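> So that we are looking at the same thing, I have put the structure below in structure tokens.
Just so you know, all these numbers are worked out from the coordinates, no wet-lab data involved. These figures come from a predicted structure and were not determined experimentally. Cβ sites come from the backbone with ideal geometry, for glycine too, and all protein chains shown count toward neighbours.
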Amino acid sequence: MTKIASLTSEIFRIPLHNPFVTSQGMATEARGVAVSLICEDGLAFRGESVPVQYVTGETCETVIQTISQIASFLVGKDISDYKRVVALIGSTAPASPSARCGLEMAVLNAFASQSNTSLLQFFGGTLTSVETDVTIPIVENGLLLALAAWERGIRVFKMKVGSDIQADFARIEAVQYSLPEARFRIDANQAFSPSEAVDFISKLSTDGVHVELLEQPVLKSDFEGLNFVAKNSPVPVFADESVCTVEDAHKLISTTSVHGINCKINKNGIQGVMDIIAVAQAAGRKLMLGCMLETRFSTALSLALACGTGAFQFIDLDSPQLLNEIGNNPYYQQLGPRMILPVL
């Protein structure tokens, strides 16, 4: 029996290789919260939270506050009873998914260590590798970024759009012209009206751009608009910011024809992702696993979740390729788009 002795947290920052610009703003660094869980036997386990305020309403400061409030409920709890510990985290911070993510990550890492297993096996052990896309933000050097990624073996690009429609067309079509075999996932981050979204994606399709899906084209609260786009789009439509909770997933599935959901551990919490997987699979909707600006360490957990469950048709775990982290990656192997976990 291993009990939690203490929980602390602190902010960390990591610079980006290139400014990350979307319709919602710009970032030049990743800013997150490191969680340290100390067990009574003295062993320490890490979790990480990378909140995005416009998605969940959380900031690093509110995450630290939430973790501080929850810590008193978790100290003394037995890691081997991780299900009860995770449920307690969920019940005490239902509106703070990024904070829950950091705590859940630390708890699961502790449980895996105690159980002498890997997170890959914990989540099911279905696969050992997946292939990711790479995001091209709304920047002037987008084509150069795409060409450099192509040289690394990347074949699918997640193009951020929504700041200037004509400029968006030009950026996407420049990449398609230069890389005829490239495929695209278009992410508007809520920037369009329903009719703008349909017109935009229809023009790309008419122009011969190889689009796999359109992500979060309209405001996250506009489920009627999402339904309109899903019914009129020539490509599948995925919800992202619209689905932060399993209740959101139920609402989306029951009221819209949206084809899939993009899950993220910092948007939904780790247990929240598992719950949304069950709801989406039962309804026959597709799934993507995405990320915030997360480190290799955090990404390794998402990768274990993707490989372990085998539940996701689309993978967007590219943030370590955007971050300027120092040193080698000890958590998984990156071969172009393929991300490979060690089999322990």
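> For a label point 7 angstrom out from the Cα of R13 toward its Cβ, which stretches of the range 23-38 have the backbone nitrogen within less than 12 Å?
Under 12 Å, as judged by backbone N against the label point of R13, lie 28-32 of the range 23-38.
> Non-local amide H neighbours of E215 (under 5 Å, H modeled in plane, Pro and chain starts lacking H): which ones?
Answer set, sorted by chain and number: I186, D187, A188, F238.
> How far, in nm, would the chain grow between A167 and Q313 when pulled straight, counting 0.36 nm per residue and subtracting the alpha carbon separation?
Stretched fully, the A167-Q313 segment lengthens by 49.6 nm.
> Something else now. Tell me, what HN-Hα J-couplings in whole Hz come from the Karplus equation 6.51 cos²θ - 1.76 cosθ + 1.60 at θ = phi - 60° for each residue of the range 215-231, using x for Gly and Pro?
With coefficients 6.51, -1.76 and 1.60, one gets 10, 6, x, 10, 3, 4, 7, 8, 5, 5, x, 4, 5, 4, 5, 4, 6 Hz.
> What is the percent of Cα-Cα separations in the range 1-78 that go past 20 Å?
Of the Cα pairs, 42 percent sit more than 20 Å apart.
> Another question, then. For the chain, what is the calculated [θ] at 222 nm in deg cm²/dmol (nearest 500), taking -39500 (n - 2.57) for each run of four or more DSSP H residues and dividing by its residue count?
It lands at -12500 deg cm²/dmol.
> Also, quick follow-up: List, in order, the whole-Hz ³J(HN,Hα) value for each residue of the range 84-91 obtained from phi through the Karplus relation with A = 6.51, B = -1.76, C = 1.60 and θ = phi - 60°; use x for Gly and Pro.
The phi angles translate into 5, 5, 5, 4, 5, 4, x, 6 Hz.
> So, one more: When we measure straight from the Cα of K231, which lysines land under 23 angstrom away, once same-chain ones fewer than 8 places off are left out?
Partners found: K158, K160, K203, K220, K251, K286.
> Taking 0.36 nm per intervening residue step and subtracting the Cα-Cα distance, what contour gain separates T28 from A283 on full extension?
The span from T28 to A283 would gain 87.9 nm if fully extended.
> Who wins for biggest fluctuation among A280, A167, A149 in a Gaussian network model of the chain, springs between alpha carbons below 10 Å?
With Cα springs under 10 Å in the chain, the top fluctuation among A280, A167, A149 is at A167.
> Just A71, A230, A306 to compare: in a GNM of the chain, with alpha carbon springs under 10 Å, which one fluctuates most?
Evaluated over the chain, the most mobile residue of the options is A71.
> Now, a different point. Roughly how many nanometres apart are two label points built 7 Å out from the Cα toward the Cβ at T126 and R338?
2.0
> Follow-up question, since we're still on this one. Looking only at S129, S36, S115, which one moves most when the chain is put into a Gaussian network model with springs between Cα atoms under 10 Å?
The residue with the greatest mean-square fluctuation here is S115.
> In vacuo Debye scattering of the range 121-340, one point per C-alpha: log10 I(q)/I(0) at q = 0.07, 0.08, 0.11, 0.18 Å⁻¹?
Rounded to two decimals, the profile gives -0.20, -0.27, -0.51, -1.36.
> Once amide H atoms are built 1.01 Å from N in the peptide plane, which residues 5 or more positions from S6, or in another chain, come under 5 Å H to H?
Hits under the 5 Å cutoff: I38.
> Which of L7, L226 comes first, and how do the rest follow, when ranked by fewest Cβ neighbours within 10 Å?
In order of increasing Cβ crowding within 10 Å: L7, L226.
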